[in-house]
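First the structure, in the form of structure tokens, and then the observations on it.
The values are calculated or read from the model by the stated rules, or taken from the named source; none is laboratory data. Since the structure is predicted, the reported quantities are computational estimates derived from the model, not experimental observations. Glycine also receives a Cβ, built like all others from the backbone with ideal geometry; neighbour counts cover every protein chain displayed. Side chains are part of the model used for accessible areas, which takes the heavy atoms of the whole protein and leaves out ligands, DNA and RNA. Shrake-Rupley method; radii C 1.70, N 1.55, O 1.52, S 1.80 Å.
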Amino acid sequence: MRLGLVIDLDTCVGCHACAVACKEWNTSGTTAPLTDYNPYGAKPSGVWFNRIRHYEIGEYPYNKTVNFPMSCMHCENAECVTVCPTGASHKRPEDGIVLVDQDKCMGCNYCSWACPYGARELDRVSGTMKKCTLCIDRIYDMEIPEEERQPACVLTCPAHARMFGDFDDPESPVSRAVRERGGYQLLPELNYDPTNHYLPPRVHAPIPTEGLKKKAAIKVKEWVNRVIER
Amino acid sequence: MHAALAVIFLTLFSGGGFGLMALIAIINDLHIDGGLSPSQTLIGVLLSLVFVTIGMLSSTAHLANPKNAWRAFTRWRTSWLAREGVFAVSFYPFAIGYLVWVFLTGAPDARIGLTLASIAGLLGLITIFCQGMIYAVLRTIRQWNTPLVPANFYAMGLATGATLLAAIRVITGGNASIFIGLAIALIAAVALLKGIYYFWISRPAGPTIHTATGFNRSTVRLLDQGHTFGTFLTEEFGHILPQEKARSIKVLMYLLAVVVPIIALGVSLGAQSVPAVIVAAVSIVVGLGLERWLFFVEAQHVVNLYHGRQRC
Ligand code: SF4
Ligand code: SF4
Ligand code: SF4
């Protein structure tokens, strides 16, 4: 098995719901807590497993906002694991999930240097490295209904922009989505072979916004609006 | 990259200590310039141990959870950091053994003593290589991912060791011209290798914001990084040094690490001047400390691309 996520950049609306759900679930999960520093102070900060950034792609009028969630990619060539001197960082052979054993980590930061995707954050209070667990404490939990055995971020996404599944199975929804939508990996030149894939935005013709001829119904609507306002 | 003082001290001092031990072993093995006297050997090995220990202690200060530090020796099959730890620790029994041997017998060039010294020197050199590889294996940081890094570490460790050795020789009143010559040659090698390194990292190369996001055919601009204040990522990787400032610090670094030591060593070549060799030794340590700081601050981790930098 090779478990991971597919992120759909076409539908992601950048609401940060996945990041909040991740924080909420994992702050009492296996590598809990996700410490906050100064949460009510002037400059709050803290540990997150999932961060969303926002980019503008292209030049006006052919530009587009793309929202970009990033968490651990559970790489095949996970250098973060190779460089770890204590053995705290490990990649599970059975499903490819990369984890940090909180009882072994000495907080040297070396693995975070080796991660290209900014997926690892040191918890300055516990002194250990923390990262996305692929919600290992949900996906194998036999106590909850089967359809809920998915990562918190995937379940919560209102735009269905996140998918979870097995990339080793060519007919799994994630493999199919990558195949059919041209899913790609980030920073392929570094050869980490990340498991998580990103689906590019679909190509649409730009929607014209200037110099439009108004339809009759819209004219009536505007007239009604003006009358009611008075 | 954030330049932690603890990590700067680690490679600066332990590198100099290992370089010093390696040179002591070579000089006594080959009997260069008559070899070192017992007291010179004692001072040298002691100084080497002090330097290595300063480095090792400050490296544990860098750990956020030092109670697990002993585990760092376990993954030597894959991790250069673990290898460094293993070789650095195995250096101690041989270096201390040589120290005790010379102290008890007063014969630094007897066969048993030389064997201990040679093994300690070799382990020291291997440790320097491991220290360089800790940085050189990281594909995420272009400025480090080059064989020039371990090469630089060797030149700097050996040059520091040679300067210290020349200082010891002059202070204890021996003829030091060959040692001073050696130190000057090694410092020149530092200047040269560091020059090649700076030339190398000044070429644009490596990943861009396009390969980082996958949008290879259009401009990509950061609109919002999604957090209002700093995160671990911005604190650890976000540092940037303006070009002009970097240039003037490099000039200062070359002055302290190369020019001043070479002039001071040159002065003491004829005059056997004790103050001059002390100036040389202090200056090279401070100058290379500056070099270490630059090494970190100039390193641009690829995660900065996601925070809006166009290339790293
Ligand atoms: S994304 Fe980073 S932390 Fe996750 S497996 Fe890859 S290198 Fe390791
Ligand atoms: S911070 Fe912890 S998990 Fe990361 S390399 Fe160091 S010991 Fe390993
Ligand atoms: S899989 Fe779980 S731990 Fe990873 S980002 Fe999603 S919610 Fe967070």
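For A:CYS75, indicate whether it is within 15 Å of ligand 1 (Cβ to nearest atom), open to solvent by less than 50 Å² (accessible area, probe 1.4 Å), more than 9 Å from every other protein chain (Cβ to nearest Cβ) and over 17 Å from B:ALA212 (Cα atoms). Criteria not met by A:CYS75.
Within the stretch A:53-68, can one find any residue that is closer than 30 Å to B:MET133 by Cβ and within 7 Å of another protein chain (Cβ to nearest Cβ)? Before the answer, list the steps.
Narrowing the stretch A:53-68 to residues closer than 30 Å to B:MET133 by Cβ: none.
No: zero hits.
Restrict the check to the stretch A:39-53 and report whether at least one residue is modelled with pLDDT of 95 or more, open to solvent by less than 10 Å² (accessible area, probe 1.4 Å) and either of a type in the set (Val, Ile, Thr) or within 14 Å of ligand 2 (Cβ to nearest atom) (or both). Checked against the condition, which is being modelled with pLDDT of 95 or more, open to solvent by less than 10 Å² (accessible area, probe 1.4 Å) and either of a type in the set (Val, Ile, Thr) or within 14 Å of ligand 2 (Cβ to nearest atom) (or both), the stretch A:39-53 yields at least one hit.
Taken together, the criteria place A:THR30 among residues that are more than 10 Å from chain B (Cβ to nearest Cβ), open to solvent by 20 Å² or more (accessible area, probe 1.4 Å) and among the β-branched types (Val, Ile, Thr). On the basis of being surrounded by fewer than 21 Cβ atoms within 10 Å (Cβ to Cβ) and without any contact (Cβ under 8 Å) to a residue 12 or more places away in the chain, does B:THR105 make the cut? Answer is yes for this residue. The residue pairs whose first member lies in the stretch B:116-145 and is under 12 Å from B:ALA22 (Cβ atoms) and in contact (Cβ under 8 Å) with a residue 24 or more places away in the chain, whose second member is small (Gly, Ala, Ser) and open to solvent by 10 Å² or more (accessible area, probe 1.4 Å), and whose beta carbons are closer than 7 Å, counting only pairs six or more residues apart or on different chains, are B:LEU123/B:SER90. Taking residues in the stretch A:162-175 that are among the acidic types (Asp, Glu), and partners anywhere that are away from ligand 1 (no atom under 16 Å from the Cβ) and not in a loop (DSSP other than H, G, I, E, B), the pairs with Cβ atoms closer than 8 Å and at least 6 places apart or on different chains are A:ASP166/A:VAL174; A:ASP166/A:SER175; A:ASP169/A:SER175.
Filtering the stretch A:113-139 to residues that are away from ligand 1 (no atom under 16 Å from the Cβ) and under 20 Å from the mean Cα position of the chain (by Cα) leaves A:ASP137, A:ARG138, A:ILE139. For the stretch A:109-125, check the following and say yes or no: at least one residue is among the charged types (D, E, K, R) and farther than 22 Å from B:HIS2 by Cβ. No, the stretch A:109-125 has no match at all. Going by the conditions given, is B:ALA110 in contact with a Ser or Thr (Cβ under 6 Å, 6 or more places away or on another chain), of a type outside the set (S, T, N, Q) and surrounded by fewer than 19 Cβ atoms within 10 Å (Cβ to Cβ)? Answer is no for this residue.
Among the conditions (1) within 27 Å of the chain's Cα centre (by Cα); (2) in contact (Cβ under 8 Å) with a residue 12 or more places away in the chain; (3) more than 18 Å from B:VAL286 (Cβ to Cβ); (4) open to solvent by less than 40 Å² (accessible area, probe 1.4 Å), the only one that B:ALA212 does not satisfy is (1). If you take the residues of the stretch B:171-191 that are touching a residue at least 24 places away in the same chain (Cβ under 8 Å) and under 18 Å from the mean Cα position of the chain (by Cα), which of them is surrounded by the most Cβ atoms within 10 Å (Cβ to Cβ)? Per the stated criteria, the residue is B:ALA183.
Can you give me the ranges of the strands (runs of 3 or more DSSP E) entirely in the stretch A:112-216 with at least 2 residues that are open to solvent by 90 Å² or more (accessible area, probe 1.4 Å), more than 15 Å from ligand 3 (Cβ to nearest atom) and in contact with a helix residue (DSSP H, G or I) (Cβ under 7 Å, 6 or more places away or on another chain)?
Values: elements: A:121-123, A:128-130, A:162-166, A:197-199.
So the answer is none; nothing clears 2.
If only one of B:VAL259, B:VAL285 is farther than 26 Å from B:ALA205 by Cα, open to solvent by 50 Å² or more (accessible area, probe 1.4 Å) and assigned to a helix (DSSP H, G or I), which one is it? Steps first, answer last, please.
Numbers: B:VAL285 fails: open to solvent by 50 Å² or more (accessible area, probe 1.4 Å).
Only one candidate qualifies: B:VAL259.
Considered as a group, the residues in the stretch B:215-237 that are more than 8 Å from every other protein chain (Cβ to nearest Cβ) and surrounded by fewer than 18 Cβ atoms within 10 Å (Cβ to Cβ) include one that is farthest from B:ALA155 (Cα to Cα), and that residue is B:ARG217.
Among the residues of the stretch B:32-47, how many are in contact with an Asp or Glu (Cβ under 7 Å, 6 or more places away or on another chain) and open to solvent by 10 Å² or more (accessible area, probe 1.4 Å)?
Let us first name the residues in the stretch B:32-47 that are in contact with an Asp or Glu (Cβ under 7 Å, 6 or more places away or on another chain), namely B:35.
Applying the additional criterion that residues be open to solvent by 10 Å² or more (accessible area, probe 1.4 Å) yields none.
The total comes to 0.
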